[in-house]
Amino acid sequence: MNLLAISRRFLLSRGLIGGSLLGTLAASTSAPASSPAPGSICYADGRAVGSQAHDNLHAHGNMTTVGTVDHVANGFDPHAILTDWDTGVLSTDAQGRTVRSFEVVAEDKEIEIAPGIRFPAWTYNGRVPGPTLRATEGDLLRITFRNNGSMPHTMHFHGIHGASMDGVPGAGEISPGETFVYEFTARPFGCHFYHCHSIPLKRHIHKGLYGAFIVDPDPARHPEAADVARSRLLGTPENAHWQELLMVMNGFDTNFDDENEVYAVNSIAHAYMHKPIVIERDRPVRVYLINVTEFDPINSFHLHANFFDYYDHGTTLQPTLRTVDTIMQCQAQRGILEFSFAGFEPGRYMFHAHQTEFVELGWMSFFEVRA
Ligand SMILES: [Cu+2]
């Protein structure tokens, strides 16, 4: 069976409600759908059938994918993406201003998004999400973008800049083989992102052309909250105290029917469920959260057994929401979450979308809090 032909209707008809079948699909893809391989799980009306169904229920009951994704073959690891900030190459211009230079290359690349499920992605620097570009408010950014892909692409940044640097078709699409240099000042501070703006837009975004763009506040510009600004500024001792994580909520429509079959944070279904994110209990946690999910109006983030403060778009130094355990984001919305497990019992703490369907199709995760 062709993995790319797996439809959401198929997933649901195979008993997705009550437990994910992604693992089953991965295990049975070498056999026709009508004769599942021994050991696979079939639900006709909510009950298990098949000689090994009872054993399978243990894996099935976990509502998780079964098997492993080859991160080496993908060329990126979802755990590395949590913290691999790309701060560019630093230089100084004639006015003494900090210049950060980045290189981004678009290329077509097939990636494995769940065990055995491959997706023909379009990528920035060979990964989904693309590199996490991180700068300080006021820096001059110079992003050299080369399109090595098969389609015209752009880089459209959410930030403040002139029309010629907006990366929309009217301002110039970059054809395959061409290079363009985007140049603008990093502002406002916050948790932003970038994506391709070629049309059809939903296809270009959903194929994987997006990434995080984080602008740290310059403490000198915010004397009223300089301590908060310093805690966000990469490289300061105050910032080093925090455990900062990048999470891009995304989805994949593997059969191009305008519905997602797989959901994730940082692309790989259940990556942080199978291998939880280790948290040092006594250091606070800051999550840069971005939603790029196409086809669904909203995505969400729910933290178990704890509450967090939220900074909508990350553009303020005071929380815009205090003491919540769930927030929702439409596509392109993003924000900063801050919370602490100080004094908590060590253990595994869940976090996930609070759309159950998304959970079962990949967006389920754990923090492992260690004393
Ligand atoms: Cu594009």
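Taken together, the values in this text are just the output of simple stated rules run on the coordinates, not laboratory data. The shown structure was predicted, so the numbers you read here are calculated from the model rather than taken from an experiment. Methodologically, a virtual Cβ is constructed for each residue, glycine included, from the backbone with ideal geometry; neighbour enumeration extends over all protein chains shown.
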**OP:** Examine region 251-273 for a residue that is within 30 Å of Ala121 (Cα to Cα), of a type in the set (S, T, N, Q), within 16 Å of the ligand (Cβ to nearest atom) and touching a residue at least 40 places away in the same chain (Cβ under 8 Å), and state whether such a residue exists.
**Re:** no
Original post:
In region 202-231, which residues are of a type outside the set (Ser, Thr, Tyr), touching an Asp or Glu at 6+ places or on another chain (Cβ under 9 Å) and free of Cβ contacts under 8 Å to residues at least 60 places away in the same chain?
Top reply: Arg203, Pro219, Asp227, Arg230
**OP:** Just give me the residues in region 94-110 being away from the ligand (no atom under 16 Å from the Cβ), in contact (Cβ under 8 Å) with a residue 40 or more places away in the chain and assigned to a strand (DSSP E or B), in sequence order.
**Re:** Thr98, Val99, Arg100, Ser101, Phe102, Glu103
Subject >> Unmet criterion (only one of (1) surrounded by fewer than 24 Cβ atoms within 10 Å (Cβ to Cβ); (2) in contact with a helix residue (DSSP H, G or I) (Cβ under 8 Å, 6 or more places away or on another chain); (3) in a strand (DSSP E or B)) for Asn239 >> reply: (3)
Subject >> Residues that are in contact (Cβ under 8 Å) with a residue 40 or more places away in the chain and polar (S, T, N, Q), drawn from region 141-168 >> reply: Thr144, Asn147, Asn148, Ser150, Thr154
Original post:
Does Arg142 satisfy the condition of being basic (Lys, Arg) and under 26 Å from Tyr288 (Cα atoms)?
Top reply: yes
Original post:
If we scan region 165-177, do we find a residue that is surrounded by 24 or more Cβ atoms within 10 Å (Cβ to Cβ) and not hydroxyl-bearing (Ser, Thr, Tyr)?
Top reply: yes
**OP:** Can you work out which of the residues in region 145-160 that are part of a loop (DSSP other than H, G, I, E, B) and of a type in the set (A, V, I, L, M, F, W, C) is farthest from the ligand (Cβ to nearest atom)?
**Re:** Ile160
**OP:** Please work out if Arg142 is more than 30 Å from Gly362 (Cβ to Cβ) and either within 16 Å of the ligand (Cβ to nearest atom) or not in a loop (DSSP other than H, G, I, E, B) (or both).
**Re:** yes
Original post:
Asn125 is checked against (1) within 23 Å of the chain's Cα centre (by Cα); (2) in contact (Cβ under 8 Å) with a residue 60 or more places away in the chain and fails just one. What number does that condition carry?
Top reply: (2)
**OP:** Name the single residue, out of those in region 161-189 being under 23 Å from the mean Cα position of the chain (by Cα) and within 30 Å of Gln318 (Cβ to Cβ), that is nearest to the ligand (Cβ to nearest atom).
**Re:** Asp166
Original post:
Is it true that some residue in region 281-290 is of a type in the set (Lys, Arg), in contact with a helix residue (DSSP H, G or I) (Cβ under 9 Å, 6 or more places away or on another chain), within 18 Å of Phe367 (Cβ to Cβ) and in a strand (DSSP E or B)?
Top reply: yes
Original post:
Considering Thr323, Thr293, Thr315, which residue is of a type in the set (Ser, Thr, Tyr), part of a loop (DSSP other than H, G, I, E, B) and either free of Cβ contacts under 8 Å to residues at least 40 places away in the same chain or under 20 Å from Met364 (Cβ atoms) (or both)?
Top reply: Thr293
Original post:
Only one residue in Lys207, Lys202 is basic (Lys, Arg) and either crowded, with 19+ Cβ neighbours inside 10 Å or away from the ligand (no atom under 13 Å from the Cβ) (or both), so which one is that?
Top reply: Lys207
Original post:
In region 212-221, is there at least one residue being within 16 Å of the ligand (Cβ to nearest atom) and crowded, with 20+ Cβ neighbours inside 10 Å?
Top reply: no
**OP:** Residue by residue through region 107-158, note down the ones that are β-branched (Val, Ile, Thr), within 29 Å of Asp218 (Cβ to Cβ) and surrounded by 18 or more Cβ atoms within 10 Å (Cβ to Cβ).
**Re:** Thr132, Thr136, Ile143, Thr154
**OP:** Filter region 273-308 for residues that are acidic (Asp, Glu) and closer than 23 Å to Leu233 by Cα and give the result.
**Re:** Glu280, Asp282
Original post:
In region 111-134, how many are part of a loop (DSSP other than H, G, I, E, B) and of a type in the set (A, V, I, L, M)?
Top reply: 1
